[in-house]
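Here is the structure we will look at, set down as structure tokens.
Where a number appears in this text, it was derived from the coordinates with a stated rule and is not lab data. Worth saying up front: this structure is predicted, and the values here are computed from it rather than measured. Cβ coordinates were reconstructed from backbone atoms using ideal geometry, including for glycine residues, and neighbour counts include every protein chain displayed.
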Amino acid sequence: MNRSTDLYVDGKRHILVADDEMINRELLENILCDEYDVLMAEDGEMAYDIIRENRKTLSLILLDLMMPKLNGLDLLSRIKEDPDLKGIPVIVLTSDQASEVESLMRGAADFIPKPYPQPDIIRARISRSIELAEDRQIISATERDELTGLYSSEYFYRYGEQFDKYHPNSDMDALCLDVNHFHIVNERFGMAKGDEILRKIASCLMTIFSASDCVICRKTADTFLVYCSHRDDYTSIMDKISEACGNMPTSIKLRIGVYASCDKKLDIRARFDRAKIAADLIKNNYSVSVSTFDEKLMENELFAEQLVDEFPKALAEGQFQVFFQPKFNITGDKPVLSSAEALVRWFHPTLGMISPGKFIPLFEEDGLIAQLDEYIWKSTAATISDWKKRIGISVPVSVNLSRAEMYDPKLVETFEKITSEAGITSKDIYLEITESAYVRDSDQIVDRVKELRSHGFFIEMDDFGSGYSSLNMISELPIDALKLDMMFIRNAFDKINDTRMISIVIDIADYLGVPVIAEGVETEEQYLALKKLGCTIIQGYYFSKPVPAGEFEKFLNDKKF
Amino acid sequence: MLTIDALKQFGCNTDDGLSRCMGNEAFYFKLIGKVIDDKNFQMLEDAVASKDLDKAFDAAHSLKGVLGNLALTPVYQPVYEITELLRERKDIDYSEYIKTISEKRKELAALMK
């Protein structure tokens, strides 16, 4: 069903014929009755009553101008002045040209002369008028956002393009305005309050951006787009809007992305994509409210998109390689290889080696991380198995789990399958779970961790100290090792040379009866200090950077002999 | 009995009239039967006699519309002419027009028998 006329295949639209001459009414009824349900009125008053009564279903009125009681022109004016009725198209039946102009001025859609033209001409004019009126009604129903009265996005883009046609030389800005964490406003204060805030922002935008050089829309929930002539100072505009929303029960924080003096050769949607990129850049930054797009931003965005796009191919072609960084137990006289951490590297055919810092966060956002992690887990298991077979020994290798994976009810099953297929056991693979994963939905995560431990897996809490766990919670955590967040090492040695925080974490680990692993250890000074403080295991460039499996074998061989 | 040929001979443009009736002769003839009895003929005559030009114009204008739609040219023509004069509310002697209209109406009525 792609045409509106299809809606009426099994039904008929209603038409009113208002003419005091019975013969004329009968002629028209005879011409129209196959296609329409024809209502008839023999004077103006009667016509008006029928129109009011059938206002919701009437598709068109054929109106004779000279009628008793209420003449056609007066009736026409009454219809067009009534908001309930003015949408119904009126075709005037007349024999004099003077009345034709007058009728059109008063809002008639068309006229049909007397004597009547050929029936097919009458039908065509009627059908055309109905179609136009219905299109217009659909347009006015969809053109505006119901909540705010601003344009809806489709119309916004159209009107923006139209504006460009009429003002090809004006310097235009594309703006994207968002409310920070709007869903929280809705959750805390209810939808009604949220709606009130959105209406307030809309009316503010309408005041600030005058209609003559601006088009404004509400794109989605709390995203507003503005296309306006170039302005220099958006900070004061944002202050004004925030001020107008000031008497709200919560401090509403707005952010705006500005693509200033935009390139009109770009599709209008692309211009607003750029404004949105700029706006998202300050999503979590409460101190800045205006963010301006520049080309560098676009490059980052395109780079990110390229990485996501190329992921499946890269995975299939084995562009991802697992590297191993050794961990050493430093409690004895000499450091002893205790385990390793599996870390992924992407060797891209044209971009070279891409840092995991660049693609891991992207894949976490896109959900691709699950596929990548499973690949890492499998190849780690295969490597361990290979070492065991060829070298005769191995060390446990830890792999990383993302927060999302912790919700997977089949996680234990997956690991059991991976280990059994590789011919290794749960003692050979350690699992690193970041502390922040425990903090949100902790019950669910804790249960999953318990399940993994009950199947023999060793759990290292990664990035400890970054996730703000409460001391109370820590005592109940099912873990086998604490891995110090790298920030502790950096802060302790780089800036203030204060190792007190590390001591505290080591005390916590002692209390829990688990070892402390320090990563990011780069110098002998750090190594010695950590050893003195009682740190159990050390990982970092001081011993070795992450290396390919083949290179790692030397550590195993050293351990063996 | 009324026939298309008789109407044609009388001077009616039956092709037009019939096409407005979707080619349905019986319907066409039925409407012609009704127009002969249209009260506006009498109203026009009375209004002209009493010099009520507004009322005369309304009656003539209505008749003009219907006669035109049925393409009854010999009756339509004098009605059309008197309507245009009455539109201007011309203070002239309309009796010749009334007479012609009445005659043509009678001739048409005679075709019905």
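Against chain A, whose longest principal axis comes from its Cα atoms, helix A:524-533 is set at around 80 degrees. Distance from the alpha carbon centroid of region A:14-67 to that of region A:88-153 works out to 15 angstrom. Placing +1 on the Cβ of every Lys and Arg and -1 on the Cβ of every Asp and Glu, with nothing else charged, gives region B:4-111 a dipole about its Cα centre of roughly 200 debye. Under the convention that each Lys and Arg Cβ holds +1 and each Asp and Glu Cβ holds -1, the size of the dipole of region A:315-560 around its Cα centre is about 780 debye. Annotation for region A:398-449 versus region B:26-96: alpha-carbon center distance of 97 Å.
Cα convex hull, region A:158-312: 133 Å³ per residue, rounded to a whole number.
Taking Cα centre as origin and charging only the Cβ of basic (Lys, Arg, +1) and acidic (Asp, Glu, -1) residues, the dipole magnitude of the protein assembly as shown rounds to 1080 debye. Since only A:308, A:516, A:536 are under comparison, the one whose Cα sits farthest along the positive direction of the charge dipole of the protein assembly as shown, derived from C-beta charges on Lys, Arg, Asp and Glu, is A:536. Compared with the alpha-carbon gap, the fully stretched path from residue A:230 to residue A:436 is longer by 69.8 nm at 0.36 nm per residue.
Each helix, a run of at least 4 DSSP H residues, gives -39500 (n - 2.57); summed and divided by the residues of chain A, these come to -14500 deg cm²/dmol at 222 nm. Counted over chain A, the DSSP beta bridges are approximately 45% antiparallel.
Sparsely packed loop sites in region A:1-103 (the trypsin sites (Lys or Arg not before Pro) outside DSSP H, G, I, E and B with at most 16 other Cβ atoms within 10 Å) comprise A:3, A:12, A:55, A:56, A:69, A:86.
Cβ-Cβ distance of residue A:498 and residue A:545, R₀ of 22 Å, FRET efficiency by 1/(1 + (r/R0)^6): the value works out to about 0.20. On full extension, the segment bounded by residue A:84 and residue A:300 gains 72.5 nm, given 0.36 nm per residue less the C-alpha separation.
Here the average projected area of the convex hull drawn through the C-alpha atoms of chain A stands at 37.7 nm².
With the charge dipole of the protein assembly as shown set up from +1 on Lys and Arg Cβ and -1 on Asp and Glu Cβ about the Cα centre, the Cα lying farthest toward the positive end among the listed residues A:168, A:383, A:454 is that of A:383. Among A:288, A:547, a tally of other beta-carbon atoms within 10 Å of each Cβ gives an order, fewest to most, of A:288, A:547.
The residues packed around residue A:87, meaning those with a beta-carbon under 11 Å from its beta-carbon, carry a net charge of +2 if Lys and Arg are +1 and Asp and Glu are -1.
Listed by Cβ neighbour count within 10 Å, with the fewest neighbours leading, A:217, A:33 appear as A:33, A:217. Would you give the gap between the C-alpha center of region A:479-522 and the C-alpha center of region A:344-358, rounded to a whole Å? Distance between centres, Cα-based: 30 Å.
Distance distribution P(r), region A:79-204, all Cα-Cα pairs, bin width 5 angstrom from 0: 2, 8, 11, 13, 12, 11, 11, 10, 8, 5, 4, 3, 1, 0 percent. Please compare each pair in B:34/B:64; A:114/B:90; A:389/A:410 to a cut-off of 21 Å on the Cα-Cα distance and tell me which ones are over it. Too far apart for the 21 Å limit: A:114/B:90; A:389/A:410.
Look at the dipole of chain A built from charges on Cβ: of A:126, A:348, A:214, the Cα furthest out on the positive end belongs to A:348.
Mind checking the log10 I(q)/I(0) for region A:126-168 at q = 0.17, 0.19, 0.30 Å⁻¹? Debye, one equal scatterer per Cα, no solvent, two decimals. With one equal scatterer per Cα and no solvent, log10 I(q)/I(0) is -0.60, -0.69, -0.92.
For region A:339-437, the fraction of C-alpha pairs more than 19 angstrom apart is 45%. For region A:4-142, the fraction of alpha-carbon pairs lying more than 23 Å apart is 26 percent, rounded to a whole number.
Counting only residues at least eight positions apart within a chain, or on another chain, the aspartates and glutamates with an alpha carbon under 15 Å from that of residue B:30 are A:21, A:26, A:29, B:38. Hey, what's the Kirkwood Rh for region A:315-560 if you take every pair of different alpha carbons, in angstrom? Value: 18.6 Å, from the Cα pair sum. Taking all Cα-Cα distances within region B:4-111, those exceeding 24 Å account for 22%.
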